[in-house]
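Q: Okay, here's the structure, questions in a sec.
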Amino acid sequence: MKEKIIYFDHAATTPIKKEVLEEMIPYLTEQYGNPSTIYKLGREAKKAIELARERVAKALNADIEEIYFTSGGTESDNWALKGTALANRDKGRHIITTTIEHHAVLNPLKYLEKIGFEVTYVPVEPNGIVDPNKIKEAIREDTILISVMLANNEIGTIQPIKEIAKIAKEREIIIHTDAVQAVGQIPINVKDLGIDLLSLSAHKFYGPKGVGALYIRKGTRIHPFLQGGAQERNKRAGTENVAGIVGLGKAIEIANKNLNEYASKLQKLRDKLIDGVLSKIDYVRLNGDRYQRLPNNANFSFEFVEGESLLLLLDTKGIAASSGSACTSGSLEPSHVLLAIGLEPEVAHGSLRITLGEDNTEEDIDYLLEVLPEIVSKLREMSPLYESVKKEGNKDV
Ligand SMILES: *Cc1c(COP(=O)(O)O)cnc(C)c1O
């Protein structure tokens, strides 16, 4: 029998929805035509892509011609940053971002620094939110691009993108936002936000892995990312991932339709979890703003605990969650996001990220609130530092 797993890692990925998979299957089997061909089999594949484009445009309040399909969030971010940097380098070579971006933004920017661009990393406030005034102060004569994420993948904080976009537009600077965590969780309206570029990825909202999209506002100066055939109006070459694109379109349509209901359900569970953890466990802090955060995200730091050990013990209880260090890459570096909000490296190491999804129930939260205090105590019993703090009776965090 399959062991029941309580999955609390929806920021890492989500399971594909049944209705999404069902729409995809024909394009993996009998509807296999290449969308660039002119016979019926090809035309039908093309039609399916265009329906998906329409659905994405509708979900974002974009125009249909402003949506381009990619291989995921990482590609969309790379394209947005490198594509605009190269297309606008005659105007200037300065780019502004924040210290809490995803590596899919930070690493392309590091590459751009190597080839002659300059990047300013604006720090965030202790609550994990960037102050738009600090973005404004970082602007120079030669600033060509500002990239700030809509919602953070680790601590869930929602950034004031509308205000930042307004500042960017006053100076005619291109503005990109990585909305990979935000889509399907908070309403997104590209016209209202006033942005030029927005990245999204299907597998973060119950669609398939390996497919995403980039919104490019009409008139934005950007180079194509992949050169080859004429797909995606000459901007992104390569035979389209038809089934993936179909899945993305269906997933975003469903996510948008259920947005309010989904968000309020998860927010209730999240608040129960946060209140429970903060009241049941000592020497713990909630990372990121208490309210200005995604409805599904809770991120805690437990002093005198190793995040990796915490995850392993949770795993033995059938719970899948994430910690604040990049353990998957084999490195034990604490998360750059937790350091950016001012955590000491030792505290950042004892972090736990719980990201909820539609299958989670109140019983799941009760179960976590039952096992987590026991696990934390058990780990602290092995910490000499905790023993000495306990003796001194110092309970300040
Ligand atoms: C997951 C994620 C990405 C990368 O998306 P992929 O589709 O996995 O390449 C980029 N940015 C953020 C904020 C993410 O959460």
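The values are calculated or read from the model by the stated rules, or taken from the named source; none is laboratory data. What you are looking at is a predicted structure, and each value in this text was computed from that prediction instead of being measured. Neighbour counts are summed over all protein chains in view; Cβ atoms, including those assigned to glycine, are modelled from backbone coordinates with ideal geometry. These area figures cover heavy atoms from the full protein model, side chains too; ligands, DNA and RNA do not enter into them. Shrake-Rupley method; radii C 1.70, N 1.55, O 1.52, S 1.80 Å.
Q: Select from the range 90-104 the residues that are farther than 26 Å from Thr157 by Cα, out of contact with any Lys or Arg (no Cβ under 9 Å at 6 or more places or on another chain) and crowded, with 16+ Cβ neighbours inside 10 Å and list them in ascending order.
A: Correct list: Arg93 only.
Q: Just one of Arg290, Arg236, Arg270, Arg285 is open to solvent by less than 10 Å² (accessible area, probe 1.4 Å) and basic (Lys, Arg); which is it? Even if it seems obvious, please write down each step before you answer.
A: Details: Arg290 fails: open to solvent by less than 10 Å² (accessible area, probe 1.4 Å); Arg236 fails: open to solvent by less than 10 Å² (accessible area, probe 1.4 Å); Arg285 fails: open to solvent by less than 10 Å² (accessible area, probe 1.4 Å).
Arg270 is the lone residue from the list that is open to solvent by less than 10 Å² (accessible area, probe 1.4 Å) and basic (Lys, Arg).
Q: Considering Ala165, Ala179, which residue is hydrophobic (A, V, I, L, M, F, W, C) and either within 12 Å of the ligand (Cβ to nearest atom) or not assigned by TED's automatic domain parsing to the domain that holds His103 (or both)?
A: On the way: Ala165 fails: either within 12 Å of the ligand (Cβ to nearest atom) or not assigned by TED's automatic domain parsing to the domain that holds His103 (or both).
Being hydrophobic (A, V, I, L, M, F, W, C) and either within 12 Å of the ligand (Cβ to nearest atom) or not assigned by TED's automatic domain parsing to the domain that holds His103 (or both) holds for just one of Ala165, Ala179, which is Ala179.
Q: Ok, one more. Can Asp192 be described as more than 16 Å from the ligand (Cβ to nearest atom) and farther than 18 Å from Trp79 by Cβ?
A: Numbers: more than 16 Å from the ligand (Cβ to nearest atom): yes; farther than 18 Å from Trp79 by Cβ: yes.
Yes, satisfied.
Q: Do you know which residues across the range 142-162 are within 16 Å of the ligand (Cβ to nearest atom) and either free of Cβ contacts under 8 Å to residues at least 12 places away in the same chain or open to solvent by less than 20 Å² (accessible area, probe 1.4 Å) (or both)?
A: First, pick out the residues of the range 142-162 that are within 16 Å of the ligand (Cβ to nearest atom): 147-159, 161.
Across the range 142-162, the qualifying residues are Ser147, Val148, Met149, Leu150, Ala151, Asn152, Ile155, Gly156, Thr157, Gln159, Ile161.
Results for (1) at pLDDT below 95; (2) of a type in the set (S, T, N, Q); (3) under 28 Å from Ile195 (Cα atoms), shown as yes or no for each residue.
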{"residue": "Asn34", "(1), (2), (3)": "no, yes, no"}
{"residue": "Gly42", "(1), (2), (3)": "no, no, no"}
{"residue": "Glu50", "(1), (2), (3)": "no, no, yes"}
{"residue": "Glu54", "(1), (2), (3)": "no, no, yes"}
{"residue": "Lys58", "(1), (2), (3)": "no, no, yes"}
{"residue": "Ile64", "(1), (2), (3)": "no, no, yes"}
{"residue": "Gly73", "(1), (2), (3)": "no, no, yes"}
{"residue": "Asp77", "(1), (2), (3)": "no, no, yes"}
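Q: Is at least one residue of the range 76-88 closer than 16 Å to Leu200 by Cα, small (Gly, Ala, Ser) and either crowded, with 22+ Cβ neighbours inside 10 Å or more than 11 Å from the ligand (Cβ to nearest atom) (or both)?
A: yes
Q: A follow-up question, please. On the given criteria, is Lys265 closer than 24 Å to Ser351 by Cβ, at pLDDT 95 or above, part of a helix (DSSP H, G or I) and not assigned by TED's automatic domain parsing to the domain that holds Ile129? Let's see the steps before the verdict.
A: Working: closer than 24 Å to Ser351 by Cβ: no; at pLDDT 95 or above: yes; part of a helix (DSSP H, G or I): yes; not assigned by TED's automatic domain parsing to the domain that holds Ile129: yes.
For Lys265, the condition - closer than 24 Å to Ser351 by Cβ, at pLDDT 95 or above, part of a helix (DSSP H, G or I) and not assigned by TED's automatic domain parsing to the domain that holds Ile129 - is not met.
Q: Would you point out the residue of the range 105-123, among those that are open to solvent by 10 Å² or more (accessible area, probe 1.4 Å) and in contact with a Ser or Thr (Cβ under 6 Å, 6 or more places away or on another chain), that is nearest to the ligand (Cβ to nearest atom)?
A: Tyr121
Q: Quick test for you: out of Leu51, Leu81, Leu106, pick the one residue that is in contact (Cβ under 8 Å) with a residue 12 or more places away in the chain and farther than 21 Å from Ala182 by Cβ. Even if it seems obvious, please write down each step before you answer.
A: Details: Leu81 fails: farther than 21 Å from Ala182 by Cβ; Leu106 fails: farther than 21 Å from Ala182 by Cβ.
Of the residues listed, the single one that is in contact (Cβ under 8 Å) with a residue 12 or more places away in the chain and farther than 21 Å from Ala182 by Cβ is Leu51.
Q: Out of all the residues in the range 53-65, is one or more open to solvent by less than 70 Å² (accessible area, probe 1.4 Å), among the β-branched types (Val, Ile, Thr) and within 16 Å of the ligand (Cβ to nearest atom)?
A: yes
Q: Would you check if there is a residue in the range 201-208 being more than 16 Å from the ligand (Cβ to nearest atom), hydroxyl-bearing (Ser, Thr, Tyr) and in a loop (DSSP other than H, G, I, E, B)? Outline the logic, then answer.
A: Residues of the range 201-208 that are more than 16 Å from the ligand (Cβ to nearest atom), as a first pass: none.
Within the range 201-208, not a single residue is more than 16 Å from the ligand (Cβ to nearest atom), hydroxyl-bearing (Ser, Thr, Tyr) and in a loop (DSSP other than H, G, I, E, B).
Q: Can I ask one more? Output the number of residues of the range 232-261 satisfying the condition of being in a helix (DSSP H, G or I) and of a type outside the set (A, V, I, L, M, F, W, C). Explain how you work it out, then say what you get.
A: Taking the range 232-261 as the starting set, the residues that turn out to be in a helix (DSSP H, G or I) are 232-234, 242-257, 259-261.
Going one step further and asking which of them are of a type outside the set (A, V, I, L, M, F, W, C), we end up with 232-234, 244, 247, 249-250, 253, 256-257, 260-261.
So the answer is 12.
Q: Can you work out which of the residues in the range 220-234 that are polar (S, T, N, Q) and in contact (Cβ under 8 Å) with a residue 24 or more places away in the chain is nearest to Lys82 (Cα to Cα)? Break it down stepwise before answering.
A: Within the range 220-234, the first condition is being polar (S, T, N, Q), and the residues that meet it are 220, 227, 231, 234.
Now narrow it down to the ones that are in contact (Cβ under 8 Å) with a residue 24 or more places away in the chain: 220, 231.
Details: Thr220: 13, Gln231: 19 Å.
In this case the residue turns out to be Thr220.
Q: Might you check whether a residue that is closer than 22 Å to Leu145 by Cα and out of contact with any Asp or Glu (no Cβ under 8 Å at 6 or more places or on another chain) occurs anywhere in the range 226-234? Steps first, answer last, please.
A: Quick first cut of the range 226-234, residues closer than 22 Å to Leu145 by Cα only: 226.
Restricting the remaining residues to those that are out of contact with any Asp or Glu (no Cβ under 8 Å at 6 or more places or on another chain) gives 226.
Yes, because at least one residue in the range 226-234 is closer than 22 Å to Leu145 by Cα and out of contact with any Asp or Glu (no Cβ under 8 Å at 6 or more places or on another chain).
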